[in-house]
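A.B. asks: First, the structure itself, so that you have it in front of you.
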Amino acid sequence: MREYKLVVLGSGGVGKSALTVQFVQGIFVEKYDPTIEDSYRKQIEVDNNQCMLEILDTAGTEQFTAMRDLYMKNGQGFLLVYSITSQASFNDLHELRDQILRVKDSDDVPIILIGNKCDLDDERTVSREQGQSLAHQWNCSFLETSAKAKLNVQDSFLDLVRLINRRTADVLRRDTKKKKSKCSLL
């Protein structure tokens, strides 16, 4: 069974833990309790393949930024989460994405941009179009989710696993082509 290391990142209070707990345990955590770092494991089936997900729910607060490089280095895919009710949380993602690309030393990292709390549409300050535009700019997937309403929660994690699988397959194809071209030169 293949294992996947997924990392959930974003500012404090955007609902990273609520999304993760809703996905792993099927419950909605109502109260906000700042996370330092929580790790979850869940076995799921994606496209007829059994997968073990190791999900790292990270701290959104600034005091724990030193730990970020380590879990970015080890992570295979990333959910970058903002709250649709907080423009600041949306703006903060630029720095996080830049850090991921720097740590991974790649522009091709499996990332899904998540606009969470879409059940609070009457408090929205970040439009769906802003999210879609940023995802297009970053060449990544985009979903609006609600941990409370169980909307697109499972899809976020399954889509990230599929992105990792696609990237892995692309890398294998490129490596195979390189080896074939080297052999033909000999």
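A.B. asks: Taking into account only those residues within region 150-171 that are among the polar types (S, T, N, Q) and touching a residue at least 60 places away in the same chain (Cβ under 8 Å), which is least open to solvent (accessible area, probe 1.4 Å)?
C.D. replies: My answer is 156.
A.B. asks: Out of region 137-164, which residues are of a type in the set (Gly, Ala, Ser) and under 19 Å from residue 28 (Cβ atoms)?
C.D. replies: Within region 137-164, 146, 147, 149, 156 qualify.
A.B. asks: Quick check: is even one residue across region 15-38 in a strand (DSSP E or B) and at pLDDT 90 or above?
C.D. replies: No - not one qualifying residue is present in region 15-38.
The values are calculated or read from the model by the stated rules, or taken from the named source; none is laboratory data. Just so we're clear, the structure is a prediction, and the values are computed from it rather than from any experiment. Here Cβ is always computed from backbone atoms with ideal geometry, including for glycine, and neighbour counts include all displayed protein chains. Areas reflect the complete protein model, heavy atoms only, side chains present, ligands, DNA and RNA absent. Shrake-Rupley method; radii C 1.70, N 1.55, O 1.52, S 1.80 Å.
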